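The block underneath contains the structure these notes are about, expressed in structure tokens.
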Amino acid sequence: MNNSPFLSNCTLDAIRDAASALKAGHLVAFPTETVYGLGADARNAHAVKRIYEVKGRPVDHPLIVHISSISQLEKWANEIPDYAIALARDFWPGPMTLILKRTEIAQDFITGGQDTVGLRIPSDPLALALIIEFEKISDSAIAAPSANRFGQVSPTTAQAVSAELSERLSPDDQILDGGASHVGVESTIIDCTGNQPRILRPGAITKEMIVEASGFEIISNIFKDSISEIRVSGSLESHYAPLATVVLDQFPKVGQGYIALADIPTPEGVIRLASPKNDQEFARVLYASLRAADDQNLTQVVVMQPEGDGIAIAIRDRLIRAANGVNL
Ligand code: TXA
Ligand code: MG
């Protein structure tokens, strides 16, 4: 058992109960394979407003709508290009969000007033079960940002959600506990409103995978997107940041936290927070390690960035933002 009044273990009854809570306009935080989401009925303006209040997020930042199957796509999106269907077929359910032209069901309070909507089918079985149960009783879907306060590190466990949000939740809100997220960094976001796909946020679905599935070379504006042009809150300054200062690629000093691949040794007096064996594990443990630094009241954490392509690009993207808040 757990000791938070909000946490629930994920039996089928608990999932049905959580779906009913969503239908009644309450919030349900739930596991996904990327990070935990803070969910609400995507067609309930009042419930969605509470997400923004609990997160402390500006209202013009759009939310991802989580659906259960490709058959739901046309309900939320219009003018879906063939390459988006190819991506959906190859990578859904999974850690990928597609930005598409919206239908009238995706209202301004979800899209931040833009004429597009972000859609994702997560692969986590509990997330899928919750979405399916909710779709059965609601003719809607689940809007969910990462379940953290705006600008902070995304949670990858139910305990992290509870520590971060419990005091802002209401008695009827819930947190479903599905264990630690397997991927550990947020979904790859792909803008599918143009003639070819454009990566807005790197993630576990990599550029190489997108090229292969879509047949297009990728224009990647990851480090150039202006937030006034397209609102991806992950491109704001100082995102994914713990309280501790994050320092990149420096030799760590006594008393500093340290995150680096396992083959990099720990200098004497340095507090090792994680020693992932490969990039996948690096992504999986990164956010929990940054949270651990704060739990141990460390003031500085040195992180040695993984090199190369694949998910290492997503790790470096989050680390650069966590480290210096520069809008690259
Ligand atoms: O892995 C994930 O994507 C997690 C899980 C819970 O699904 N969700 C997540 O949501 O990371 P959030 O809100 O923390 O980040 C989603 C990003 C935001 O930066 C938002 O601005 C962007 O997606 N986004 C959503 N809809 C958009 C749209 N229509 N156009 C451009 N960006 C959009
Ligand atoms: Mg987020």
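Ordering GLY179, SER162, VAL117 by the projection of their Cα atoms onto the charge dipole of the chain, which places +1 on the Cβ of Lys and Arg and -1 on the Cβ of Asp and Glu, puts SER162 at the extreme positive end.
The local environment of PHE30, defined by Cβ-Cβ distances under 10 Å, has a net charge of -2 under the rule Lys, Arg +1 and Asp, Glu -1.
Could you calculate the FRET efficiency of GLU307 with ASP139 from 1/(1 + (r/R0)^6), where r is the beta carbon distance between them and R0 is 51 Å, rounded to 0.05? Could you put the intermediate results ahead of the total?
Working: r = 47 Å, r/R0 = 0.93.
Once rounded, the FRET efficiency stands at 0.60.
Report, in deg cm²/dmol and to the nearest 500, the calculated mean residue ellipticity at 222 nm for the chain, where each DSSP H run with n ≥ 4 adds -39500 (n - 2.57) and the sum is divided by the residue count.
Numbers: 10 runs with 102 residues, N = 328.
For the chain, the value works out to -9000 deg cm²/dmol.
Rolling a 1.4 Å probe over the heavy atoms of the protein chains gives the chain an accessible area of 41 Å² per residue. In this view, the solvent-accessible surface of LYS277, computed with a 1.4 Å probe and all protein chains in place, comes to about 150 Å².
Put simply, the range 245-323 fits an ellipsoid with semi-axes of 19, 13, 11 Å; these come from the alpha carbon gyration tensor as the roots of five times its eigenvalues, largest first. Think of the chain as a dipole: +1 on every Lys or Arg Cβ, -1 on every Asp or Glu Cβ, centred on the Cα centre; then among LEU286, PRO242, ILE199, PRO242 lies furthest on the positive end. Heavy-atom accessible area with a 1.4 Å probe sorts ASP172, ASP263, largest first, into ASP263, ASP172.
Could you tell me how many cubic angstrom of Cα convex hull volume the chain has per residue? Cα convex hull per residue, to the nearest whole number: 122 Å³.
Please state the charge dipole magnitude for the chain, taken about the Cα centre, from unit charges on C-beta atoms (+1 on K and R, -1 on D and E), reported in debye and rounded to the nearest 20. Rounded to the nearest 20 debye, it is 440 debye. Around the amide H of GLN300, modelled in the peptide plane, lie the amide H atoms of THR245, GLY257, all under 5 Å away and 5 or more residues distant in sequence or on another chain. Computed with a 1.4 Å probe over protein heavy atoms only, the accessible area of PHE216 comes to about 70 Å². The solvent-accessible area of ASP82, taken with every protein chain present and a 1.4 Å probe, is close to 130 Å². Phi angles across the range 66-81 convert, under the Karplus curve 6.51 cos²θ - 1.76 cosθ + 1.60 with θ = phi - 60°, into 3J(HN,Hα) values of 9, 10, 9, 7, 4, 5, 8, 4, 6, 5, 9, 10, 10, 6, 7, x Hz, Gly and Pro given as x.
The values are calculated or read from the model by the stated rules, or taken from the named source; none is laboratory data. These figures come from a predicted structure and were not determined experimentally. Neighbour counts are summed over all protein chains in view; Cβ atoms, including those assigned to glycine, are modelled from backbone coordinates with ideal geometry. For accessibility, only protein heavy atoms count, side chains too; no ligands or nucleic acids. Shrake-Rupley method; radii C 1.70, N 1.55, O 1.52, S 1.80 Å.
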